[in-house]
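Take a look at the structure set out below.
The values are calculated or read from the model by the stated rules, or taken from the named source; none is laboratory data. Fair warning: this is a prediction, and the values are worked out from it, not measured in the lab. Backbone-built Cβ (ideal geometry, glycine too); neighbour counts: all protein chains shown. Note: accessible area is taken over every heavy atom of the protein model, side chains too, but ligands, DNA and RNA are not part of it. Shrake-Rupley method; radii C 1.70, N 1.55, O 1.52, S 1.80 Å.
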Amino acid sequence: MPIKPPVTDLPIKTADSGFYRGFTKDVTITAKLLIGALVIWAVAFPDNAASVLSGLNSLILASFNFWYVYVMAFFFLTCIVLAILPVSGRMKLGRPEDQPEFSRFSWFSMMFGAGIGIGMLTYATGEPIYHFQTNPDIIQGLAEGSTQEAVRSAYKWSFSHWGLHAWASYAIVGLALAYFSFRRGLPLTIRSALTPIFGKSLSGPLGHVIDVVAVVATVLGVAQTLGFGVNQFIAGLHRIGFGDWLLTDAGDPTKVAIAVALLIIVGASTLSALSGVGKGIKWLSNINMALSFALLAFFLFFGSTFFGLQALFVGIYDYLIATPALLFTVWNSDGVDGSVASQLAGWQGGWTVFYWAWWIAFAPFVGVFLARISKGRTIREYVLGAAIVPSVMCFVWFALVGGTAIELELSGVADNAIIGTGLSDQLFATLSVMLSETMAWVFAIMVVVLLLTYLVTSADSAVLIINTINAAGDEGPKARPHILFWGAALALVVGALLMIGGLGAIQTAMIIGALPFSVVMVLMGISVLKAIWRDSQREKLGLSVFDEEEVEATPAE
């Protein structure tokens with residue numbers, strides 16, 4: 001039986017001249033129209049937009065909760081298997097002579113900073129504190145909320161959301177893209193990863209649809225991240241003393257504050273994006289990584305160190321033990337308000353399903369970026385670097401920062417000052433409890449600067465990735481006018497959705513946008529598995545995996 005040659009040429013038509021020179025017009029214009037329509041709808045008809053988005057969100061959470069759980073389990077298991085198996089683990093993301101472009105420190109810094117840095121500043125305090133009060137174990141009566149016995153379960157669930165699941169979803173996209181781009185010479189765009197299934201038909205409308213879905217998911221996924229960051233950035237400016245005009249009486253950001261924050265963030269990120277991945281993004285990533293470690297070191301030496309380290313090691317143990325069961329656990333409501341089943345389903349929809357949708361929507365952005373910076377690394381090194389190492393870093397951050405907040409509340413020192421404030425303000429509240437007024441102000445400035453570097457890194461990376469997909473995988477100077485467009489588009493999406501319904505509106509739009517791309521991601525996983533198996537067969541026959549000639553699959557002698 002013949003082994004078909006791998007697809008090593010995927011022609012994608014791009015414009016030869018004009019404003020869209022170098023871009024796939026079908027993809028670029030369609031994506032712009034869809035994002036533009038969303039912004040206009042949200043601004044012109046805010047009530048209708050909020051109502052329709054909310055209804056779609058409820059439908060997806062009720063009907064597709066199992067889908068999100070199962071596809072994330074698939075990504076998790078696929079990455080683990082590919083890293084462990086010798087035949088796949090030793091394969092290089094590139095040709096034999098290719099070497100990594102960046103040092104491991106710069107590689108890790110860019111990966112961590114663009115992938116999840118903002119979430120650390122928002123959720124490292126907020127999520128352990130929330131799950132300390134209620135989580136599935138507490139709902140089922142296995143532990144009592146807001147007590148010492150609730151700490152272990154709080155970290156088990158926090159780690160499950162920010163651990164291997166999250167990074168495996170990013171890693172599977174980056175792996176597929178790097179494999180087909182650097183080993184097969186295909187364009188660094190989403191459709192290339194599906195060539196083992198659809199072949200050269202991806203040059204046409206089918207490929208265009210796939211790339212449009214990826215662009216829309218990227219915009220909405222990054223909008224979710226930027227939304228959290230903007231809210232925390234504004235809360236930090238208020239803590240520093242920039243005035244009460246930043247917040248409403250209810251403690252939410254004002255429209256003026258949102259507009260000013262977005263102008264600062266997107267303006268800086270656009271300038272950074274114009275400099276390219278090797279300059280602006282690399283240096284910003286190194287700066288925010290250094291500041292992150294400095295802040296983490298402060299909590300290590302001056303926070304609740306023993307409490308945090310105990311939460312770290314016990315939490316990792318509990319998480320690893322629980323992971324096999326958590327991979328496939330789906331809770332469904334029995335329709336009775338207040339019942340255990342309804343509470344569990346509501347918790348899973350509001351936390352786990354929300355996170356899985358967020359990671360999926362964020363995956364085209366992080367995946368393309370990971371692929372871009374990972375050429376020349378083996379699959380095993382890539383998976384270890386892109387999944388396990390960042391997961392451990394997230395665990396350390398959650399344990400030291402969140403553990404300090406929990407211990408301050410348990411001991412009574414905080415007196416509900418941390419629990420009683422909003423998610424965006426809880427890190428600042430923790431610092432205020434720990435430090436004198438002057439030192440808390442100094443550290444608030446440090447957090448605001450760190451947050452700004454994370455926001456700029458994420459936004460400028462997203463703009464470059466969107467343009468790479470729109471340009472059929474080609475990144476270059478021709479993207480400059482479009483960098484300005486997509487920078488403005490991100491700001492408008494975040495601003496419009498924040499103003500019609502706050503973070504809830506962004507969350508709703510993101511969950512809707514993530515659903516079609518989750519199907520694309522499953523196909524990417526299947527594609528890379530098929531390609532690796534086929535290449536292993538070629539190697540057994542002593543054939544080059546880079547050639548296009550068709551050969552007979554006869555046993556090697």
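For Ile3, which of the numbered conditions (1) open to solvent by less than 20 Å² (accessible area, probe 1.4 Å); (2) at pLDDT 90 or above fails to hold?
The failed condition is (2).
Using beta carbons and a limit of 7 Å, which pairs, at least six apart or on different chains, have the first residue in region 393-416 and farther than 20 Å from His161 by Cβ and in contact (Cβ under 8 Å) with a residue 60 or more places away in the chain and the second one open to solvent by less than 30 Å² (accessible area, probe 1.4 Å) and β-branched (Val, Ile, Thr)?
Qualifying pairs under 7 Å: Leu408/Ile418; Leu408/Thr430; Glu409/Ile418.
Looking at the structure I just gave you, is Ala83 among the hydrophobic types (A, V, I, L, M, F, W, C) and loosely packed, with under 14 Cβ neighbours inside 10 Å?
The answer is no for Ala83.
How many residues, within region 334-354, are under 16 Å from Asn135 (Cα atoms) and free of Cβ contacts under 8 Å to residues at least 40 places away in the same chain?
Final tally of qualifying residues: 6.
If you scan region 315-340, which residues turn out to be aromatic (Phe, Trp, Tyr) and either part of a loop (DSSP other than H, G, I, E, B) or open to solvent by less than 80 Å² (accessible area, probe 1.4 Å) (or both)?
Tyr319, Phe328, Trp331 - these are the residues of region 315-340 that are aromatic (Phe, Trp, Tyr) and either part of a loop (DSSP other than H, G, I, E, B) or open to solvent by less than 80 Å² (accessible area, probe 1.4 Å) (or both).
Do we find that Ile172 is open to solvent by 10 Å² or more (accessible area, probe 1.4 Å), closer than 24 Å to Ala83 by Cβ and either in contact (Cβ under 8 Å) with a residue 12 or more places away in the chain or part of a helix (DSSP H, G or I) (or both) in this structure? Can you show your working first?
Values: open to solvent by 10 Å² or more (accessible area, probe 1.4 Å): no; closer than 24 Å to Ala83 by Cβ: yes; either in contact (Cβ under 8 Å) with a residue 12 or more places away in the chain or part of a helix (DSSP H, G or I) (or both): yes.
No: the conditions fail for Ile172.
Taking interchain pairs and intrachain pairs at least six residues apart, which have beta carbon atoms under 7 angstrom, with the first residue in region 83-110 and more than 22 Å from Tyr170 (Cβ to Cβ) and part of a helix (DSSP H, G or I) and the second hydroxyl-bearing (Ser, Thr, Tyr) and open to solvent by less than 90 Å² (accessible area, probe 1.4 Å)?
That search, which allows pairs on different chains as well, returns Val87/Ser536.
Restricting to region 416-440, give me the number of residues that are within 19 Å of Gly145 (Cβ to Cβ) and touching a Leu at 6+ places or on another chain (Cβ under 9 Å). Walk me through how you get there before you give the answer.
To start, the set of residues in region 416-440 that are within 19 Å of Gly145 (Cβ to Cβ) comprises 416-421, 423, 426.
Imposing the further condition that a residue be touching a Leu at 6+ places or on another chain (Cβ under 9 Å) reduces the set to 417-418, 423.
Residues that pass the stated criteria total 3.
Does Phe395 qualify as being of a type in the set (Phe, Trp, Tyr), at pLDDT below 95 and crowded, with 20+ Cβ neighbours inside 10 Å?
It is true that Phe395 is of a type in the set (Phe, Trp, Tyr), at pLDDT below 95 and crowded, with 20+ Cβ neighbours inside 10 Å.
Across region 221-266, what is the number of residues that are free of Cβ contacts under 8 Å to residues at least 24 places away in the same chain and either under 26 Å from the mean Cα position of the chain (by Cα) or under 12 Å from Ser458 (Cα atoms) (or both)?
2
I need the full set of residues from region 7-36 which are buried (at least 18 other Cβ atoms within 10 Å of the Cβ), out of contact with any His (no Cβ under 8 Å at 6 or more places or on another chain) and either modelled with pLDDT under 90 or outside any helix (DSSP H, G or I) (or both), in order please.
Result: Val7, Leu10, Ile12, Thr14, Tyr20, Gly22.
Could you grab me the full set of residues in region 416-434 that are open to solvent by 10 Å² or more (accessible area, probe 1.4 Å) and not in a helix (DSSP H, G or I)?
Narrowing region 416-434 to residues open to solvent by 10 Å² or more (accessible area, probe 1.4 Å): 416-417, 419-426, 432-434.
Passing the criteria: Asn416, Ala417, Ile419, Gly420, Thr421, Gly422.
Inspect region 461-471 for any residue being open to solvent by 10 Å² or more (accessible area, probe 1.4 Å), small (Gly, Ala, Ser) and farther than 30 Å from Phe428 by Cα and give the result as yes or no.
No: zero hits.
Specify the residue that is nearest to Lys92 (Cα to Cα); the eligible residues are those in region 367-384 that are outside any loop (DSSP other than H, G, I, E, B), open to solvent by 10 Å² or more (accessible area, probe 1.4 Å) and touching a residue at least 12 places away in the same chain (Cβ under 8 Å).
Thr378
Would you say Ser201 is of a type in the set (Gly, Ala, Ser), touching a helix residue (DSSP H, G or I) at 6+ places or on another chain (Cβ under 8 Å) and within 30 Å of Ser106 (Cα to Cα)?
no
State whether the residues of region 133-145 include one that is open to solvent by less than 10 Å² (accessible area, probe 1.4 Å), touching a residue at least 12 places away in the same chain (Cβ under 8 Å) and either within 30 Å of Pro516 (Cα to Cα) or part of a helix (DSSP H, G or I) (or both).
Yes: one or more hits.
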